[in-house]
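Beneath this line is the structure, given in structure tokens, with notes to follow.
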Amino acid sequence: MSNSMPTYKALEIELGVRLIHHASILKIIHQKAGINDWHQSSVKDDCKPYMNPNIQQNRNPGIRTALGFGKVTNTGWVDTALLVDEFTTHMKSKEKLMQATFEANDLQIDDNCVRYRDIKAKHIVFTQGVGGLTHNPWFSQVPLQQTKGELMIIESQDLHEKSIIKGGVFMIPIGNHRYRVGSTYNWKDQNEEPTQKAQLRLQQQLEKMIQVPYQIVSHSAGFRPTIPDRKPVIGVHPQFSQLAIFNGMGSRGVLQAPFCARSLYDYIEKGTPIPSEISLHRFKK
Ligand SMILES: Cc1cc2nc3c(=O)[nH]c(=O)nc-3n(C[C@H](O)[C@H](O)[C@H](O)COP(=O)(O)OP(=O)(O)OC[C@H]3O[C@@H](n4cnc5c(N)ncnc54)[C@H](O)[C@@H]3O)c2cc1C
């Protein structure tokens, strides 16, 4: 978090849009043991800055909680959809973005550079997410997997909640009486379409958390690029140092990506070693 916030703040300034939305997280406490667990965790050094030790009473009649909430502060969410849109426009305006499918066969590796059609560059960084599973022959040693996730946007005129609520799922207020609800994890389903089963599961979890009417505005599915050890993977090809990989952001791309991008840049430009737990070196070719 300490690494990522300055990055998103700098992007807000560069792009002239609001990306960071501060909001506390209220974790629903279901059982008495949960109160004890909360108190114990909240006194740990690394949790103290975030976990309020006092259990919060529920003031929202639209939310169901028998025993109140554990409150996490200094938290929020980043509007990544807006970030991608605005960054795309920004890069296009500088004529630094080409939107096309990358074809591995068209990449030529020369001494100290790469050529792709009419582009010549010192390095190429592959940031393909799960696309790296099928479109990248150079990093096949990386045990990349895809973990399907589904989420819904709902609208409720009666909920009036400003905090992020965490029960069986997260419910994040995104404005205009809308909330993002999610998400699911499925390691087996390789189909990219949203499923009725996941929607039902999200609704079941949501209805344990709220007791007001709502409409589903949208329901979508995607794949998280995951490594079995749940760590990102960055580094350069053992033989061709012009080729770099940046992948495995898993379910925490927002938090991981700024640190990983800085680490990879520092390695390529200054030779600063990459922390071993996120390095490509942990996978042998
Ligand atoms: C339902 C769901 C909920 C999530 N919630 C959160 C959350 O709350 N917080 C969080 O931090 N993370 C969350 N994530 C995870 C987050 O989405 C990922 O960590 C993040 O998207 C990874 O970013 P990436 O750029 O590495 O890969 P991607 O976002 O997958 O981007 C890779 C891009 O490369 C492109 N590409 C691939 N191959 C090629 C090619 N050959 N040519 C051209 N383009 C190509 C793809 O089209 C894609 O645009 C969630 C994921 C899902 C599915």
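Evaluated against (1) more than 30 Å from H237 (Cα to Cα); (2) within 16 Å of the ligand (Cβ to nearest atom); (3) hydrophobic (A, V, I, L, M, F, W, C), A104 falls short on exactly one condition, (1). Of all the residues in segment 227-251, those that are touching a Ser or Thr at 6+ places or on another chain (Cβ under 7 Å) and aromatic (F, W, Y) number 1. The set of residues from segment 166-217 being hydrophobic (A, V, I, L, M, F, W, C) and either within 18 Å of the chain's Cα centre (by Cα) or modelled with pLDDT under 95 (or both) comprises V169, F170, M171, I172, I174, V181, W187.
Give segment 177-206 a look and list any residue that's assigned to a helix (DSSP H, G or I) and basic (K, R), or say none. Within segment 177-206, K197, R201 meet the criteria.
Among residues of segment 232-253 being within 11 Å of the ligand (Cβ to nearest atom) and more than 14 Å from S279 (Cβ to Cβ), the one that is surrounded by the most Cβ atoms within 10 Å (Cβ to Cβ) is M249. Restrict the check to segment 42-63 and report whether at least one residue is of a type in the set (F, W, Y), touching a residue at least 60 places away in the same chain (Cβ under 8 Å) and under 27 Å from L255 (Cα atoms). No, because not a single residue in segment 42-63 is of a type in the set (F, W, Y), touching a residue at least 60 places away in the same chain (Cβ under 8 Å) and under 27 Å from L255 (Cα atoms). Can you find a residue in segment 164-181 that is more than 16 Å from the ligand (Cβ to nearest atom) and in contact with a Ser or Thr (Cβ under 8 Å, 6 or more places away or on another chain)? The answer is yes, given that some residue of segment 164-181 is more than 16 Å from the ligand (Cβ to nearest atom) and in contact with a Ser or Thr (Cβ under 8 Å, 6 or more places away or on another chain).
Go through segment 254-276 and give me each residue that's surrounded by fewer than 14 Cβ atoms within 10 Å (Cβ to Cβ) and over 22 Å from the mean Cα position of the chain (by Cα). Scanning segment 254-276 gives D266, E269, K270, G271, T272, P273.
I'm checking my understanding of the structure. Among residues of segment 112-144 that are more than 13 Å from the ligand (Cβ to nearest atom) and touching a strand residue (DSSP E or B) at 6+ places or on another chain (Cβ under 7 Å), which one is farthest from K284 (Cα to Cα)? The residue in question is K120. Scanning segment 46-98 for residues that are among the charged types (D, E, K, R), surrounded by 11 or more Cβ atoms within 10 Å (Cβ to Cβ) and part of a loop (DSSP other than H, G, I, E, B) yields K48, R64, D79.
The values are calculated or read from the model by the stated rules, or taken from the named source; none is laboratory data. Just so it is clear, the model here is predicted, and its values are computed rather than measured. All Cβ positions, glycine included, derive from the backbone under ideal geometry; neighbour counts span all protein chains shown.
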